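Report on one structure; see the data block that follows.
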Amino acid sequence: MSELDINPELVRRILKSFIRDEVLKVGALGVVVGVSGGIDSALAYWLAVEALGPQAVLGVAMPYRQSSGESLEDARSVAGALSGQLTVADISPQVDAYFEQFPTENRTRRGNKMARERMSVLYDISQDRSMLVLGTSNKSELLLGYGTLYGDMAHALNPLGDLYKTQIYQLAEHLGLPPNLLSKRPSADLFAGQLDEEDLGFTYAQADLILFRLVDQRLPTPELYELGFPPQVVQAVLERVRRNQFKRRQPLIAKLSSRTIEIDFRYPRDWGY
Amino acid sequence: MTERERPLRVSLVQQAPRLGDLRYNLEATESRLAEESRAGQDLVVFPELSLCGYFLKDLVPEMAIRLDGPELQQLGRAAGRAQAMVGAVIESRDHLFFNAAVIVGGEGVLHVHRKVYLPTYGMFDEQRYLATGSAVQAVDLRFAGAGTWRVGALVCEDLWHPSAPYILSRRGTDLIVCPSASPGRGVAASEPELGTASLWSSMLKTYSALFTTFVAYCNRVGFEDGHYFWGGSSVHGPEGQALAGPAADQPGVTRTSLDRRLLRRARIAYPLLRDERTDILNSALGEVGQR
């Protein structure tokens, strides 16, 4: 048994209650979630339907014309399995219109633009339907900074942010998500053939074990070397965690007064709920 | 002796207070308290900071009430013949803010325990916002028909320091009540239940057996800023036996009756209280001093 093994039924119960509690107490009618065809968003969608029922959950597939057709099919299969709602919003026109004005072949720029278009669509629907935007970033991605700031990282609630990628698979399997989602290699699908683990230079299986020891157990790095983790991977992981700290924080405010937002003006987000 | 008196009827009320909404929580507490009182319950326990919510941060001064203020009087009236233990931020005359468990009845405030151990680590930040209590006391509470019970309150983290229940034990406490706002964590497959729940459950069982006393635990439910409060309210008897609970993680009331003859039985079977060597403790504490 690995230290990363979770009690999936317990996690399911907590996350369902979390979604239900945080949505209902603020008076929202449900959640809207971008469904990419990948495991994380499928799992978030699944948990939301279990928590709130299919009528209170809207999945939105937002393909760009170069996105893999398989992704859309996978998104449909997840919604189909739950008799859930799924709508398709093609983001190609607005993305293409932008890059006609500001052309680039830079994959990061193009990918980030698409992620932020999707965010923009989700927040528009959120306003229209009085639904909260449900996030799908897992703990591995958040720690490694493998996400687009104000893109997929923008959302109101995130049930998955304290689960490592390997734990996402455990939970998804326990919930009975379609098997082809479980066997797919993780991809941000920002361009054809993209694979997370190639971008990162290490596997999630490796990174998760390292992150668990660094973050959860707070082991000093020499102890990780003693445990046999390759120093270059440990260093690469650590450096990503440090370098991407800015993505996990609100923007910095220059302090001038005696009470500054985020510094010494401190209120819970659930204030009054 | 009180042998012929009926058992003490205790209610543990698991609630999810509205964070930072004193008025709403006060009304909810009042109606639940009145209901328990009408049902003939003697002692109605609410969780830690039940009148305001837990992760208050800068809301602490706004949520504070006074011991002589109208809120506690209102609850005292609602208690009828019962007595209630509620959780509140109590502001002192010199404007210090305490995380307190207050026992209130028809006659007014009967006892106050100001939390002694304010956790300030990990997700906790209590010492940033709150003042630290400096005493662990017990109080004799008289219940019509159920006699007099010596009751001590310890708020959540207080119980993680064995000296706190130890002091109550030395004070001859019959019932230790622990109102709590324990955020759950630990979902490893190697544990049969939530890590936090399993630690608490062993602790409550162990304390009740070691101090041969009743231990009642009342934890809240609901979520605040992503923190999950897991409920699990329970009562253990003076031989460590589970008498009620653990409750599930939903709002609800656990009602139970405490037969004080169990105290006598336990202390005959396990005279731990009698045999405790406070002389050794005193001299050892004198030697090690303050660390």
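Quick notes on this structure:
- Any hit, the stretch B:62-85, residues being under 17 Å from the mean Cα position of the chain (by Cα) and within 14 Å of another protein chain (Cβ to nearest Cβ): no
- Conditions (1) within 14 Å of chain A (Cβ to nearest Cβ); (2) polar (S, T, N, Q); (3) buried (at least 24 other Cβ atoms within 10 Å of the Cβ); number of the one not met by B:ASN99: (1)
- B:ARG220 meets each of the listed conditions (1) closer than 25 Å to B:ASP21 by Cα; (2) surrounded by fewer than 19 Cβ atoms within 10 Å (Cβ to Cβ) apart from (2).
- Helices (runs of 4 or more DSSP H) (entirely within the stretch A:74-191) containing at least 3 residues that are without any contact (Cβ under 8 Å) to a residue 24 or more places away in the chain: A:92-101, A:107-129
- Remark: A:ARG20 falls outside the filter, which requires a residue to be over 28 Å from A:VAL88 (Cβ atoms), within 14 Å of another protein chain (Cβ to nearest Cβ) and not acidic (Asp, Glu).
- Filter pass, B:GLY186 being open to solvent by 20 Å² or more (accessible area, probe 1.4 Å) and within 14 Å of chain A (Cβ to nearest Cβ): yes
- Count of residues meeting criterion [open to solvent by less than 20 Å² (accessible area, probe 1.4 Å) and over 11 Å from the mean Cα position of the chain (by Cα)] in the stretch A:127-144: 3
- Residue in the stretch A:203-218 that is closer than 25 Å to A:ARG12 by Cα, assigned to a loop (DSSP other than H, G, I, E, B) and not hydroxyl-bearing (Ser, Thr, Tyr) present: yes
- The residues of the stretch A:219-236 that are more than 18 Å from A:LEU4 (Cβ to Cβ) and surrounded by fewer than 11 Cβ atoms within 10 Å (Cβ to Cβ), listed by number, are A:PRO220, A:PRO222, A:GLU226, A:GLN232.
- Checking A:ARG76, A:ARG12, A:ARG65, A:ARG107 one by one, the residue that is more than 14 Å from chain B (Cβ to nearest Cβ), among the basic types (Lys, Arg) and either touching a Ser or Thr at 6+ places or on another chain (Cβ under 9 Å) or crowded, with 18+ Cβ neighbours inside 10 Å (or both) is A:ARG65 and no other.
- Filtered residues of the stretch B:207-230 (kept if away from every other protein chain (no Cβ under 14 Å), in contact (Cβ under 8 Å) with a residue 40 or more places away in the chain and not in a loop (DSSP other than H, G, I, E, B)): B:TYR207, B:ALA209, B:LEU210, B:PHE214, B:VAL215, B:ALA216, B:TYR217, B:CYS218, B:ASN219
- Scanning the stretch A:228-272 for residues that are outside any helix (DSSP H, G or I) and among the hydrophobic types (A, V, I, L, M, F, W, C) gives A:PHE229, A:LEU252, A:ILE253, A:ALA254, A:LEU256, A:ILE261, A:ILE263, A:PHE265, A:TRP271.
- Top-ranked residue in the stretch B:260-269 [being closer than 13 Å to B:VAL215 by Cα and in contact (Cβ under 8 Å) with a residue 60 or more places away in the chain; ranked as surrounded by the most Cβ atoms within 10 Å (Cβ to Cβ)]: B:ARG260
- Yes/no for B:SER233 being more than 14 Å from chain A (Cβ to nearest Cβ) and modelled with pLDDT of 95 or more: yes
- Residues being surrounded by 14 or more Cβ atoms within 10 Å (Cβ to Cβ) and closer than 29 Å to A:GLU22 by Cα - total across the stretch A:88-104: 1
- For the stretch B:237-249, taking the residues that are open to solvent by 20 Å² or more (accessible area, probe 1.4 Å) and within 16 Å of the chain's Cα centre (by Cα), the one that is farthest from the other protein chains (Cβ to nearest Cβ) is identified as B:GLY245.
Condition check ((1) touching a Leu at 6+ places or on another chain (Cβ under 9 Å); (2) not in a loop (DSSP other than H, G, I, E, B)) across all residues:
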residue	(1), (2)
B:SER190	no, no
B:LEU199	no, yes
B:PRO238	yes, no
B:LEU243	yes, yes
B:LEU273	no, yes
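- Residues that are crowded, with 20+ Cβ neighbours inside 10 Å, of a type outside the set (Ser, Thr, Tyr) and farther than 28 Å from B:PRO183 by Cα, drawn from the stretch B:1-40: B:LEU8
- Comparison of A:ASP196, A:ASP216 shows that the only residue that is open to solvent by less than 80 Å² (accessible area, probe 1.4 Å) and at pLDDT below 95 is A:ASP196.
- Just one of the numbered conditions (1) open to solvent by 90 Å² or more (accessible area, probe 1.4 Å); (2) under 30 Å from B:GLY20 (Cα atoms); (3) within 14 Å of chain B (Cβ to nearest Cβ) is not true of A:ASP264: (1).
- The residue that is most open to solvent (accessible area, probe 1.4 Å), counting only those in the stretch B:116-155 that are part of a loop (DSSP other than H, G, I, E, B) and within 25 Å of B:LEU8 (Cα to Cα), is B:GLN137.
- Only one entry in B:LEU243, B:LEU263, B:LEU273 is hydrophobic (A, V, I, L, M, F, W, C) and in contact with a Lys or Arg (Cβ under 7 Å, 6 or more places away or on another chain), namely B:LEU273.
The values are calculated or read from the model by the stated rules, or taken from the named source; none is laboratory data. Quantities reported herein were computed from a predicted structural model and do not represent experimental measurements. Glycine also receives a Cβ, built like all others from the backbone with ideal geometry; neighbour counts cover every protein chain displayed. With ligands, DNA and RNA removed, areas are computed over all heavy atoms of the protein, side chains included. Shrake-Rupley method; radii C 1.70, N 1.55, O 1.52, S 1.80 Å.
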